[in-house]
Amino acid sequence: LTADARKFMLERQLVDLLPPTWQQIWYQYLPAGEVNLRFSLDFDGQRWTPKLDAQCVDVSFSHHKFPYRLERASGNLAFADNKLALRLRAFGDGRPVDIDGQIEHPGPASTGVVTINTTELPVSSRLMDALPGKSQTVVRSLAPQGTINAQVRVSRQVATDKWHQQIAVDLNRIAIRYEKFAYPLKDVRGRLEGVDGQWTFRDLVGTNDTGYVTCSGQFVPSPGGGELTLRFDGTDVPLGEELRGALSPRLQDFWLRLKPRGSVNLTSQLRYASPAKTLDVTVHIEPCNDSVSLEPDFFPYQLAKLSGAIDYHNGLVELHRVGAEHGRTQVVTDGHCRVGPDGGWDLRLENFTVDRLLPERELLAALPPRLRKGIAELNFDGPLNLRGNWALSRGGRPEDPLLSQWDVEFSTLQGRLHAGIELKNLAGGVRLIGQFDGTKQQMRGWLDIDSAMYGDYQLTHIRGPMWLSDDQFLLGAWAEPSNPGTAPNRLTAQAYGGVIAADIRVTLGGTPQFNVVAEAERVDLARLITETTRNGTRLQGNVAANIELSGTAAGTHRLSGSGGIRLQNGDIYELPLLVSLLKILSVRPPDKKAFSSSEMNFRIRADHIYFDKINFYGDAISMLGKGEMDFDRNVHMKFHAMVGSDQMHIPILRPVLGLASQQLMQVYVEGPLDHPHTSREALPGVRRVLEEFQGEIEDPHGVAPLMRVGEGGLTPAATPRATGP
């Protein structure tokens with residue numbers, strides 16, 4: 001039996017006329033359209049032998065396992081000897097699709113090979129809807145846009161085996177945006193290879209602005225879904241909004257706080273397990289060409305030229321020798337930062353190093369207000385180096401304060417501190433351990449200063465505890481909590497061969513106020529004079545002193561204090577003051593120990609020092625006096641001399657002898673301390689009597705006195721000129 005049909009329409013009504021095997025094939029492909037048929041059926045008495053030659057004119061069809069409808073198919077299908085050969089060209093989304101195949105025993109037990117090839121096929125919703133469930137999930141997650149070249153090979157060698165699928169997809173500069181890391185890439189090229197549902201991504205290359213990104217990975221199906229693994233390598237990737245948008249919401253918020261700029265080189269690995277719906281992301285970042293800068297909103301201090309490496313893994317950011325610059329200031333640190341589900345974060349900086357940090361306006365403005373206030377009132381000037389650990393944290397709510405903890409060591413060269421007391425040329429450091437809870441800050445530390453200048457006086461090996469809070473700065477014993485049975489550590493220093501111990505309190509807020517209690521022992525006078533005046537004067541002796549001083553940073557007019565100075569084993573006759581005294585007394589020192597000891601008691605009021613006692617003791621003569629001096633070293637003093645050492649007089653006779661010496665002569669010292677002017681007054685008691693007597697003998701009618709009191713005593717006055725008859 002033979003039959004020919006032209007313009008034969010493939011319609012649903014034909015299915016019931018077909019044998020069961022052919023019906024099954026019909027339902028697998030659901031063909032429709034127009035064909036030309038030549039059909040023959042031979043019977044040899046035992047079996048039927050069909051033959052079919054179908055010329056497709058305009059046919060559409062799809063496979064039940066890949067329901068992507070192909071249209072306008074043309075070509076031939078030939079069936080003979082239980083073999084089906086096909087060669088077709090169809091169109092999908094307007095692009096040609098070529099299909100070739102050889103199928104033996106069509107039906108459930110069929111074997112054979114079918115190949116499908118297409119180029120420039122659009123990645124449309126129809127195409128993605130046709131993909132099997134697991135593959136469709138992978139492709140849709142990439143959100144591809146563009147066209148592909150595809151080669152598909154479906155084969156089965158043994159009827160009891162499953163059909164094997166081999167798919168190769170070449171990307172034609174498409175755009176992708178993976179939903180789990182939505183960083184858009186365009187001009188993506190490369191190949192996707194699928195074997196029985198397992199996909200491999202090879203040599204994918206794409207760009208984003210200046211960024212050049214490569215990608216590789218695979219998708220491995222599993223009974224519950226599958227696992228997708230991708231690796232991205234990016235070069236010169238800009239730190240822009242598109243990269244921020246690829247992060248999780250909590251990291252996006254942290255990104256906004258950091259305000260990064262520039263471009264980076266990065267490596268990223270993503271692993272998504274669909275059964276558990278878990279995403280594992282690892283990112284390695286290295287700044288590109290000194291282009292990266294940060295200016296965190298919680299510390300608005302711009303850090304430029306970032307270097308080092310940053311690793312991110314599931315909410316944990318690790319810093320590896322990350323360095324940055326701000327002007328001449330250089331920062332290097334290790335550390336880590338964890339971002340919580342609520343957007344809160346905890347940043348820990350370890351081995352934190354800052355070189356040439358300047359306490360300038362930009363840095364102070366970046367500090368929290370309360371911490372800024374305490375640091376500013378210390379009024380430090382000069383470069384700082386910093387080493388240690390620093391922690392910053394903040395909750396996820398906008399109203400949550402910034403918290404901070406630190407354990408750092410500061411060091412400086414040529415620094416200056418002016419908080420009521422001015423210390424300059426600071427060289428050394430301090431260790432500070434403290435915290436800031438959002439409302440107040442406090443820190444405890446230990447000074448380790450090698451050298452500092454107070455006025456013209458150098459202090460070395462300055463050691464001792466300190467305490468700094470919002471309202472006070474303490475040094476010495478006041479900085480340590482009281483511990484019964486244990487003496488607190490005082491602030492100590494070495495100066496000119498001696499030792500100084502002090503306790504200092506600076507009250508911050510408004511105009512800083514300070515209190516100082518200090519003692520000095522065994523100070524070498526020779527070194528003190530030589531190193532502070534450099535005038536070559538040969539002075540010797542051991543000095544001990546004590547002082548209590550208070551004041552404010554407003555100026556010297558608020559100074560107030562008292563103290564004393566003691567000299568032992570001295571040789572101070574070359575002191576300008578004593579040289580002047582000895583000269584006016586016409587006393588030539590018998591040896592270099594004209595004055596071997598001295599003592600002074602003084603009070604400080606504003607810019608004047610009032611000496612209640614200034615005594616110089618020698619074996620031959622002693623000078624006892626009092627007076628005052630301003631801070632410009634101008635003196636006004638009064639002395640009287642005593643024969644021998646006043647310290648050795650018998651107590652009963654001492655007041656009498658002292659009073660007698662004052663009545664014999666007094667010496668006045670005026671002018672600069674280094675070049676004083678000295679004058680003397682003999683018999684000051686007699687002079688006062690004569691002055692009183694002179695007033696009494698004045699002529700009540702205006703007649704000039706006959707006698708006048710002068711430096712030489714009682715002398716005749718000038719003879720008055722006659723004015724009357």
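Hey, among the residues in the range 505-528 that are within 16 Å of residue 465 (Cβ to Cβ) and open to solvent by 30 Å² or more (accessible area, probe 1.4 Å), which one's modelled with the lowest pLDDT? For the range 505-528, the residue satisfying everything is 505. Residues in the range 111-135 that are in contact with a Gly (Cβ under 8 Å, 6 or more places away or on another chain) and closer than 22 Å to residue 86 by Cβ: 112, 113, 114, 115, 118, 121, 127.
For the range 116-139, a residue qualifies if it is touching a Leu at 6+ places or on another chain (Cβ under 8 Å) and farther than 13 Å from residue 68 by Cβ, and exactly one does: 138.
Being in contact with a strand residue (DSSP E or B) (Cβ under 6 Å, 6 or more places away or on another chain), closer than 30 Å to residue 99 by Cβ and in a strand (DSSP E or B) is a description that does not apply to residue 216. List the residue pairs whose Cβ atoms are under 9 Å apart, where the first residue sits in the range 527-544 and is under 20 Å from residue 494 (Cα atoms) and small (Gly, Ala, Ser), the second is open to solvent by less than 70 Å² (accessible area, probe 1.4 Å) and modelled with pLDDT under 75, and the two are 6 or more positions apart or on different chains. Hits for this filter: 541/526; 541/570; 541/571; 541/572; 541/596.
Screening residue 161 against (1) closer than 21 Å to residue 66 by Cβ; (2) part of a loop (DSSP other than H, G, I, E, B); (3) open to solvent by less than 60 Å² (accessible area, probe 1.4 Å) leaves a single unmet condition, (3). For the range 436-456, the criterion of being outside any strand (DSSP E or B), modelled with pLDDT of 85 or more and open to solvent by less than 50 Å² (accessible area, probe 1.4 Å) is satisfied by no residue at all. Within the range 262-280, is there a residue that is within 30 Å of residue 401 (Cβ to Cβ), in a strand (DSSP E or B) and polar (S, T, N, Q)? Checking the range 262-280: not a single residue is within 30 Å of residue 401 (Cβ to Cβ), in a strand (DSSP E or B) and polar (S, T, N, Q).
Scan the range 1-23 and give yes if some residue there is among the aromatic types (Phe, Trp, Tyr), in a strand (DSSP E or B) and farther than 17 Å from residue 84 by Cα, otherwise no. So far as the range 1-23 goes, yes, one or more of its residues are among the aromatic types (Phe, Trp, Tyr), in a strand (DSSP E or B) and farther than 17 Å from residue 84 by Cα. Counting only residues that are closer than 21 Å to residue 51 by Cβ and basic (Lys, Arg), the range 106-128 holds 0 of them. Exactly one residue out of 397, 416, 370 is at pLDDT below 85, of a type outside the set (Ser, Thr, Tyr) and in a loop (DSSP other than H, G, I, E, B): that is 397. Answer yes if at least one residue in the range 594-614 is touching a strand residue (DSSP E or B) at 6+ places or on another chain (Cβ under 9 Å), at pLDDT below 75 and surrounded by fewer than 16 Cβ atoms within 10 Å (Cβ to Cβ), and no otherwise. Checking the range 594-614: not a single residue is touching a strand residue (DSSP E or B) at 6+ places or on another chain (Cβ under 9 Å), at pLDDT below 75 and surrounded by fewer than 16 Cβ atoms within 10 Å (Cβ to Cβ). Assess whether residue 13 counts as being more than 30 Å from residue 152 (Cα to Cα) and open to solvent by 90 Å² or more (accessible area, probe 1.4 Å). In short, yes.
Restrict the check to the range 165-181 and report whether at least one residue is assigned to a helix (DSSP H, G or I), surrounded by fewer than 17 Cβ atoms within 10 Å (Cβ to Cβ) and either touching a residue at least 12 places away in the same chain (Cβ under 8 Å) or not charged (D, E, K, R) (or both). Scanning the range 165-181, I find no residue that is assigned to a helix (DSSP H, G or I), surrounded by fewer than 17 Cβ atoms within 10 Å (Cβ to Cβ) and either touching a residue at least 12 places away in the same chain (Cβ under 8 Å) or not charged (D, E, K, R) (or both), so the answer is no.
The numbered conditions (1) at pLDDT 90 or above; (2) over 19 Å from residue 153 (Cβ atoms); (3) open to solvent by 20 Å² or more (accessible area, probe 1.4 Å) are all true for residue 133 except (1). Here's a check for you: in the range 205-216, which residue that is at pLDDT below 90 and open to solvent by less than 70 Å² (accessible area, probe 1.4 Å) is farthest from the chain's Cα centre (by Cα)? Here the residue is 215. Exactly one residue out of 465, 488 is in contact (Cβ under 8 Å) with a residue 12 or more places away in the chain, touching a helix residue (DSSP H, G or I) at 6+ places or on another chain (Cβ under 7 Å), within 28 Å of residue 560 (Cβ to Cβ) and surrounded by fewer than 16 Cβ atoms within 10 Å (Cβ to Cβ): that is 488.
Pairing each residue of the range 244-271 that is more than 14 Å from residue 338 (Cα to Cα) with any residue that is surrounded by fewer than 17 Cβ atoms within 10 Å (Cβ to Cβ) and at pLDDT below 80, provided the two are 6+ apart or on different chains, yields no C-beta distance under 6 Å.
Matching residues to (1) of a type in the set (Val, Ile, Thr); (2) in contact with a Phe, Trp or Tyr (Cβ under 9 Å, 6 or more places away or on another chain); (3) closer than 28 Å to residue 383 by Cα; (4) open to solvent by 40 Å² or more (accessible area, probe 1.4 Å):
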site	(1), (2), (3), (4)
293	no, no, yes, no
297	no, no, yes, yes
301	no, no, yes, no
304	no, no, yes, no
307	no, no, yes, yes
323	no, no, yes, no
330	no, no, yes, yes
333	yes, yes, yes, no
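Each residue in the range 103-127 was checked for being part of a helix (DSSP H, G or I) and touching a strand residue (DSSP E or B) at 6+ places or on another chain (Cβ under 9 Å), and 2 pass.
How many residues does the range 217-238 hold that are of a type in the set (Gly, Ala, Ser) and buried (at least 18 other Cβ atoms within 10 Å of the Cβ)?
Going through the range 217-238 one residue at a time, the tally reaches 3.
Looking at the range 47-102, the strands (runs of 3 or more DSSP E) lying wholly inside it that each contain 2 or more residues that are in contact (Cβ under 8 Å) with a residue 60 or more places away in the chain and surrounded by fewer than 18 Cβ atoms within 10 Å (Cβ to Cβ) sit at 66-80. Of the numbered conditions (1) of a type in the set (A, V, I, L, M); (2) open to solvent by 30 Å² or more (accessible area, probe 1.4 Å); (3) in contact (Cβ under 8 Å) with a residue 60 or more places away in the chain, residue 358 satisfies every one except a single condition; which is it? With respect to (1) of a type in the set (A, V, I, L, M); (2) open to solvent by 30 Å² or more (accessible area, probe 1.4 Å); (3) in contact (Cβ under 8 Å) with a residue 60 or more places away in the chain, residue 358 is out only on (3). Tell me, please, whether a residue that is open to solvent by 30 Å² or more (accessible area, probe 1.4 Å) and either of a type in the set (Phe, Trp, Tyr) or touching a His at 6+ places or on another chain (Cβ under 8 Å) (or both) can be found in the range 247-270. Yes, the range 247-270 contains at least one residue that is open to solvent by 30 Å² or more (accessible area, probe 1.4 Å) and either of a type in the set (Phe, Trp, Tyr) or touching a His at 6+ places or on another chain (Cβ under 8 Å) (or both).
The values are calculated or read from the model by the stated rules, or taken from the named source; none is laboratory data. These numbers come from a predicted model, not from an experiment. Every residue, glycine as well, gets a Cβ built from its backbone with ideal geometry; the counts of neighbours run over all protein chains shown. Quick note on the areas: whole protein, heavy atoms, side chains included, nothing else; ligands and nucleic acids left out. Shrake-Rupley method; radii C 1.70, N 1.55, O 1.52, S 1.80 Å.
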